[in-house]
C-alpha cells in the first residue's frame, strides 16, 4: 500500500482557530481505494486535544466475520481496536 501519511502543508482554519490535520492509513487496516483517501483524519486542537474522524471501517474479526451483529457499541469498540493496531 502506498503510504499517504501527510501533514497538511498549512494550518487549516476552523471554529477553534488554526489547527493541524493529519491523514493516516494504519497498517492494521486494509488499503483504501485511490491515492488520496485516508481511513483516519486527526485534527489537533488547541489545548492538546484531538478530533479523530474515521471512514470506511467495519467491525470484523480476523477471519472477516461481522463482530457483535446488532450491537453498535461492541462494533465501535472493535473498530477502535482495528485502527489502534
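The values are calculated or read from the model by the stated rules, or taken from the named source; none is laboratory data. Every value quoted in this text rests on a predicted model; they were computed, and no experiment measured them. Reconstructed Cβ throughout: ideal geometry from the backbone, glycine too, with neighbour counts over all protein chains shown.
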*Does the range 6-18 include one or more residues that are exposed (fewer than 14 other Cβ atoms within 10 Å of the Cβ), modelled with pLDDT under 80 and under 12 Å from the mean Cα position of the chain (by Cα)?*
no
*Could you count how many residues in the range 48-84 are in contact with a helix residue (DSSP H, G or I) (Cβ under 7 Å, 6 or more places away or on another chain) and farther than 24 Å from residue 37 by Cβ?*
1
*May I ask you to list the residues in the range 64-85 that are in contact with a strand residue (DSSP E or B) (Cβ under 7 Å, 6 or more places away or on another chain) and farther than 17 Å from residue 26 by Cα?*
66, 67
*asked:* Being loosely packed, with under 15 Cβ neighbours inside 10 Å, assigned to a strand (DSSP E or B) and either modelled with pLDDT of 85 or more or touching a strand residue (DSSP E or B) at 6+ places or on another chain (Cβ under 7 Å) (or both) narrows it down to one residue among 23, 52; which is it?
replied: 52
*Can residue 68 be described as at pLDDT below 85, surrounded by 11 or more Cβ atoms within 10 Å (Cβ to Cβ) and either more than 12 Å from the chain's Cα centre (by Cα) or not in a loop (DSSP other than H, G, I, E, B) (or both)?*
no
*For residues that are assigned to a loop (DSSP other than H, G, I, E, B) and crowded, with 16+ Cβ neighbours inside 10 Å, scanning just the range 26-49, find the one that is modelled with the lowest pLDDT.*
32
